[in-house]
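The values are calculated or read from the model by the stated rules, or taken from the named source; none is laboratory data. On a predicted model such as this, the values are computed, not experimentally measured, just so you know. Note that we place each Cβ from the backbone using ideal geometry, even for glycine, and neighbour counts take in every protein chain shown. All accessible areas refer to the heavy atoms of the entire protein, side chains included, with ligands and DNA or RNA removed. Shrake-Rupley method; radii C 1.70, N 1.55, O 1.52, S 1.80 Å.
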Amino acid sequence: MSDSIDTSVLSAAYAAFYDEADKGGFGDPPAGEWNAAQVVAHVALNDKAMMAVSESIVNGQPLHFHNEAVQEPAALAEMIDQCGGMAELIAEGRSIAAQAVAVADGLSTDQLKTMIDCRFVSDGELAFEQPMPWEMVSVIIQGTK
């Protein structure tokens, strides 16, 4: 386990999120907001993007992290359609989350300090665009789920 990330906390957060989704606890969204399937798809796609960056760090080829693609309605719809139903989408999300935790758990302290070019958009607005250590990006992203 890495010195900088407590993956047990991360695993518990994923379990709570997917348990709530499985129970149907998200409820109806306000007008213009994502529905439960879109939220689950977004989290899973975001985890895939984070894994890609983490794996690139392990391979010595750091990438950038720009989160616009994991918010695109077409990308969310594609993931939802590929899974075929909410139960399958949740199962896929849980699987991706487990993989993301395993990758994060394998990063060394030095790897977590790797500077990554980051562009983070929230609600259509640029929240920040700057290089950051990957450990900070991970904390920010996990805090927004």
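Laid out as a table, the results:
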item: Filtered residue count, segment 111-124, keeping only those that are at pLDDT 90 or above and surrounded by fewer than 11 Cβ atoms within 10 Å (Cβ to Cβ); result: 0
item: Leading residue by the ranking (farthest from G124 (Cα to Cα)) among those in segment 68-83 that are modelled with pLDDT under 95 and either open to solvent by 70 Å² or more (accessible area, probe 1.4 Å) or of a type outside the set (A, V, I, L, M, F, W, C) (or both); result: P73
item: Hey, A98 in a helix (DSSP H, G or I), open to solvent by 50 Å² or more (accessible area, probe 1.4 Å), touching a Ser or Thr at 6+ places or on another chain (Cβ under 9 Å) and small (G, A, S) or not; result: yes
item: Failed criterion for M86 (all others in (1) at pLDDT 90 or above; (2) aliphatic (A, V, I, L, M); (3) under 22 Å from S11 (Cα atoms); (4) under 17 Å from the mean Cα position of the chain (by Cα) hold); result: (4)
item: Subset of segment 16-26 that is touching a residue at least 12 places away in the same chain (Cβ under 8 Å) and assigned to a helix (DSSP H, G or I) - its residue that is surrounded by the fewest Cβ atoms within 10 Å (Cβ to Cβ); result: D22
item: Scope segment 125-145; condition closer than 23 Å to A41 by Cβ and either modelled with pLDDT under 85 or open to solvent by less than 40 Å² (accessible area, probe 1.4 Å) (or both); matching residues; result: V137, S138, V139, I140, I141, Q142, G143, T144, K145
item: Residue check for Q61: among the polar types (S, T, N, Q), within 25 Å of V137 (Cα to Cα) and outside any helix (DSSP H, G or I); result: yes
item: Residues of segment 38-60 satisfying the condition of being over 15 Å from the mean Cα position of the chain (by Cα) and either open to solvent by less than 30 Å² (accessible area, probe 1.4 Å) or within 14 Å of E92 (Cα to Cα) (or both); result: S56, I57
